[in-house]
Amino acid sequence: EPEVTQTPSHQVTQMGQEVILRCVPISNHLYFYWYRQILGQKVEFLVSFYNNEISEKSEIFDDQFSVERPDGSNFTLKIRSTKLEDSAMYFCASTSGGGSREQYFGPGTRLTVT
Amino acid sequence: GEDVEQSLFLSVREGDSSVINCTYTDSSSTYLYWYKQEPGAGLQLLTYIFSNMDMKQDQRLTVLLNKKDKHLSLRIADTQTGDSAIYFCAPGSGANNLFFGTGTRLTVIP
């Protein structure tokens, strides 16, 4: 069964460093998302991406964040200068859109900023 | 954004039914999802219901939707220890982003 994959599973970085979180959505999907979950809190929407551009973003997704689909398979989230409060689990999701409404989530990347 | 509320904890005995409730605020939500998260794992899509339906059954899972009261519930029949997890209600609109509730931690007592 196709699935969303994410790498790395755990990333530790120092405050102020740049990180790139990688996702490979399901191959025929057209809509891509990033969500985050701070430990013990609810899952929060960050950004959605369709047709090579951001279609929607939340207040959390400020200038420190960017997304890219550098090739036909990867979807990345970059945090330019990490802060302690960026420590969270980051989930990538995708859906085919059209007649399908099912968003499939990857296993997540745990980001720890020290 | 949308506000989504769930009870934080639910404990049931193995073999009993579990009912997890959710209320939401955005009446334009057209698809309402239930996700399961096991410890240290990602979000597993369990089921979803279209807003023009009142009920959907999928094996041991029954979703009930009261659109007037903006209330959604997930019933798990014959609950097993493997059902212990956090369950998230997530209303959405088609391919748009989802708003997640706080999650309900279900504990199944053997």
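Annotation for the A:B interface, with buried accessible surface near 1600 Å², both sides summed [1.4 Å probe; non-protein components not counted]. Per residue, the solvent-accessible area of chain B (1.4 Å probe, heavy atoms of protein chains only, all protein chains present) comes to 47 Å².
Residue by residue along A:83-94, Cβ atoms of other protein chains within 10 Å of the local Cβ number 1 on average.
Projected over all directions and averaged, the alpha-carbon convex hull of chain B occupies 6.5 nm². Coordinate range of the alpha-carbon atoms in region B:13-69 per principal axis, descending: 33, 25, 18 Å.
With Cβ to Cβ distances under 14 Å as the rule, what net charge do the other residues near residue B:61 carry (K, R +1; D, E -1)?
Taking every Cβ under 14 Å from that of residue B:61, the sum is +1.
Beyond 20 Å, how much of the Cα-Cα pair distribution for region A:28-91 remains, as a whole percent? Every Cα pair in region A:28-91 considered, those over 20 Å come to 26 percent.
Estimated translational diffusion coefficient (Stokes-Einstein, Kirkwood radius over Cα pairs, 25 °C, 0.890 mPa s) of chain A: 174 µm² per second. Converting phi to 3J(HN,Hα) with the Karplus coefficients 6.51, -1.76 and 1.60 and the offset θ = phi - 60°, region B:98-110 yields 9, 10, 9, x, 6, x, 10, 7, 8, 10, 9, 8, x Hz in sequence order, with x at every glycine or proline. Its residue count N fixes a reference of 2.2 N^0.38 Å for the protein assembly as shown, and the Cα radius of gyration divided by that reference is 1.02. Remark: mean inter-chain Cβ contacts per residue of A:32-45 equal 4, using a 10 Å Cβ-Cβ cutoff to other protein chain atoms.
What does the structure give for A:56-64 when I average, per residue, the other chain Cβ atoms found within 10 Å of the residue Cβ?
1
The values are calculated or read from the model by the stated rules, or taken from the named source; none is laboratory data. Remember, it's a predicted structure, so these values are computed and weren't measured experimentally. Note: ideal-geometry Cβ built from the backbone for every residue, glycine included; neighbour counts use all protein chains shown. Calculation scope for accessible area: heavy atoms of the full protein, side chains included, ligands and nucleic acids excluded. Shrake-Rupley method; radii C 1.70, N 1.55, O 1.52, S 1.80 Å.
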